[in-house]
Amino acid sequence: MHPMHPISATVIRGLGNGRRFGFPTANLQLDMPVDIENGVYAAWVMVEEKRYKGMLYVGTRPSLGLTEKTYEVHLLHFSGNLYGKTLSLEVVQFIRPEQKFESVEALVEQLKKDRELVESI
């Protein structure tokens, strides 16, 4: 179950956890609410007319003890500052449901597997 229409969002400041874990993410403020279940998705992300593969996370970050629903995307093969930019995301494939990991190390190991899968899609 995923939206067929592109998701438009503005990049806002997050907590910086993704960067610390080696997976910098763009925290997204959606222009319109989207009915999408929590989990990890492969997505195409348009940034100023360029298209990148992205790993979209929708969820509450239970591994970090947080409860607020967030939308964040890790862009593959991208470097630069996205703050304040508007992105357009196209969800391609559901990868896995949200899960709570026992440690940051376990979370990072899974993120590496997720990234490899997104790369191959």
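Below is a table of values for the structure above.
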| quantity | calculated |
| --- | --- |
| Net charge of neighbours whose Cβ lies under 13 Å from the Cβ of P62, counting Lys and Arg as +1 and Asp and Glu as -1 | 0 |
| Helix 104-120 vs. the chain, principal-axis angle (Cα, 0 to 90°, nearest 10) | 40 degrees |
| Computed Kirkwood radius, in angstrom, where 1/r is averaged over Cα pairs of the chain | 14.3 Å |
| Sites excluded, trypsin sites (Lys or Arg not before Pro) in DSSP loops with at most 11 other C-beta within 10 Å, longest stretch of the chain | 14-68 |
| Candidates A106, A43, A26, ranked by Gaussian network fluctuation over the chain, Cα under 10 Å, top entry | A106 |
| Potential extension, Q93-T67 segment - 0.36 nm per residue separation minus Cα distance | 6.9 nm |
| Cα-based Lys pair tally, the chain, threshold under 21 Å, eight or more apart or on separate chains | 8 |
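Bear in mind these aren't lab numbers, they're just calculated from the coordinates by the rules spelled out. Owing to the predicted nature of the structure, the values given are computational and were not obtained by experimental measurement. In this analysis, Cβ positions are derived from the backbone assuming ideal geometry, glycine residues included, and neighbour counts consider all displayed protein chains.
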